[in-house]
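Have a look at the structure below, then the notes.
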Amino acid sequence: MHPLAYIPSPSQGVWHLGPIPIRAYAVMIILGIVVAVWLGERRWAARGGTPGVVIDVAVWAVPFGLVGGRLYHVLTDYQRYFGSDGDPVRALEIWRGGLGVWGAIGLGAVGAIIGCRRRGISTLALADAVAPGIVLAQGIGRWGNYWNQELYGRPLDAFWAIKIDENHRPVLDGGPALDPKYADVATYHPTFLYEFLWCLGVAVLVIWAERRYKLTHGRAFALYVAAYTVGRGWIEALRIDEAHHVLGLRLNDWTSLILLLGAIGYIYWARNRDEPLNVVVAMAEGASDGPSGDAPADAEPDTSEDAVDLAKEPESKDESGDEDGDGDEGGDDRPAEDAAAETEDPGDETAAASDEDGDEPNAADAETAAADPEAEAAEEPKKAEPVTDGK
């Protein structure tokens, strides 16, 4: 089967930068993560969220997701690594391909929950914000299968079919010999392309439905899961790579079916959760730990003399009252020059008045001042005292 037009397979999937191999599969995964974080940041900020939160959560979610994706792949294809002809060491060679989407999403969600709790934000609100970005990352990551020439579908004689080299065609029971059914077949269904296009459609659907139906409280994320599983089901039916079957269905089909039912059930259960809407709870700026942003527990009130004077000053004004009777709290309509002159040397005016009158304070006034110093302070304007060492 050699159609006249087809999608050519890549000549290589690895380049070397000196001793460092640059693998196209890894590049596609990284590119997908970058797109997901970028789009998630934009959508999170549009909801009033704090910039940088999605990046902080991704620091937890991405490593968890990579580990979960690899574990899912190894466990579902354990014979390839732990069978009679398997090599357990290859289970660690993640750069050769082999990441299970559902394992990545499942364990990645655990990492995301940890990150959300550390930042004190709503997990459901963040899930709705990053849902389109996640499905786009999945679609971009599928191009890694193209570069590795893996996970393609049944033979296809069409112009959009992908040509697969003999070294990457199906073999018998995991051995080196080609399967006779596919020995002379060069073109196959490009399932990687199907899933990429499907993921694009799911991202558009989620964004549109979220705006049209005001999907909140995790319903946008649930819609993404439901829509993706539908496409994954029919794409999985086209694949011819080895897989475990349960009751006639591939294991990935059963996983997709369970998640589809769960997502639909959640959307129905949360259909009336319109109020309160998703609240973006971000950690207060300057808080050292936790989302509350309260002052540190060891903070003590300011008991200095300056603080006490500031606290008493309003009381002194209230007790003294309005001296000129014009209703102003300051009680002083004199020009600024006179006030400044009095402030510079408050003792000159008092001394001059004493010289002119020639009077001295009597004993009764002295006793009254000694008995009630606070009242005298209230009657006499507060004087500025020069600052000296040790005071």
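Pairs meeting the criteria (first residue in segment 28-44 and without any contact (Cβ under 8 Å) to a residue 24 or more places away in the chain, second residue assigned to a helix (DSSP H, G or I) and surrounded by fewer than 20 Cβ atoms within 10 Å (Cβ to Cβ), beta carbons under 8 Å, at least 6 apart or on different chains) are E41/I55.
Just a yes or no: is a residue in segment 170-189 among the basic types (K, R), farther than 23 Å from Y25 by Cβ and either touching a helix residue (DSSP H, G or I) at 6+ places or on another chain (Cβ under 8 Å) or without any contact (Cβ under 8 Å) to a residue 60 or more places away in the chain (or both)?
Looking for residues that are among the basic types (K, R), farther than 23 Å from Y25 by Cβ and either touching a helix residue (DSSP H, G or I) at 6+ places or on another chain (Cβ under 8 Å) or without any contact (Cβ under 8 Å) to a residue 60 or more places away in the chain (or both), one finds at least one in segment 170-189, hence yes.
Is segment 132-149 home to any residue that is in contact with a strand residue (DSSP E or B) (Cβ under 6 Å, 6 or more places away or on another chain) and surrounded by 22 or more Cβ atoms within 10 Å (Cβ to Cβ)?
No, the conditions are met nowhere in segment 132-149.
Of note, R239 does not satisfy the criterion of being within 22 Å of A104 (Cβ to Cβ), in contact with a helix residue (DSSP H, G or I) (Cβ under 9 Å, 6 or more places away or on another chain) and modelled with pLDDT under 90.
A112 meets the conditions (1) surrounded by fewer than 19 Cβ atoms within 10 Å (Cβ to Cβ); (2) touching a residue at least 24 places away in the same chain (Cβ under 8 Å) in every case but one. The failed one is (1). Candidates W198, W208, W234: the one that is aromatic (F, W, Y), part of a helix (DSSP H, G or I) and modelled with pLDDT under 95 is W234.
Take residues that are in the same structural domain as L136 (by TED's automatic domain parsing), surrounded by 14 or more Cβ atoms within 10 Å (Cβ to Cβ) and at pLDDT below 90 and tell me which of the helices (runs of 4 or more DSSP H) falling wholly in segment 1-84 contain 2 or more.
Values: elements: 24-46, 53-76, 78-82.
Correct list: 53-76, 78-82.
Suppose we keep only residues that are in contact with a helix residue (DSSP H, G or I) (Cβ under 7 Å, 6 or more places away or on another chain) and of a type in the set (D, E, K, R) within segment 97-135. Which one would you say is nearest to I29 (Cα to Cα)? Among those residues, the one meeting the criterion is D128. With respect to A91, determine if the residue is aliphatic (A, V, I, L, M), assigned to a helix (DSSP H, G or I) and surrounded by 22 or more Cβ atoms within 10 Å (Cβ to Cβ). When the stated conditions are applied, A91 does not pass them.
Being free of Cβ contacts under 8 Å to residues at least 40 places away in the same chain and farther than 18 Å from R273 by Cα is the filter here; which residues of segment 205-224 pass it? First the steps, then the outcome.
Within segment 205-224, the first condition is being free of Cβ contacts under 8 Å to residues at least 40 places away in the same chain, and the residues that meet it are 205, 208-209, 211-213.
Hits for segment 205-224 are L205, W208.
Every condition in (1) crowded, with 19+ Cβ neighbours inside 10 Å; (2) closer than 14 Å to A58 by Cβ is met by R118 except one, and the failing one is (1).
Modelled with pLDDT under 50 and either assigned to a loop (DSSP other than H, G, I, E, B) or among the acidic types (D, E) (or both), is that true of P276?
Numbers: modelled with pLDDT under 50: no; either assigned to a loop (DSSP other than H, G, I, E, B) or among the acidic types (D, E) (or both): yes.
Here the answer is no, as P276 does not meet what is asked.
Of all residues in segment 235-255, those that are in contact (Cβ under 8 Å) with a residue 60 or more places away in the chain and more than 16 Å from T76 (Cα to Cα) have Cβ atoms under 6 Å from Cβ atoms of residues that are surrounded by 15 or more Cβ atoms within 10 Å (Cβ to Cβ) and of a type in the set (G, A, S), 6 or more apart or on another chain, in L238/G153. W208 meets all of the listed conditions (1) in contact with a helix residue (DSSP H, G or I) (Cβ under 6 Å, 6 or more places away or on another chain); (2) among the hydrophobic types (A, V, I, L, M, F, W, C); (3) over 19 Å from S256 (Cα atoms) but one, namely (1).
The values are calculated or read from the model by the stated rules, or taken from the named source; none is laboratory data. All values derive from a computational prediction rather than experimental measurement. Virtual Cβ from ideal backbone geometry, glycine too; neighbours counted across all protein chains shown.
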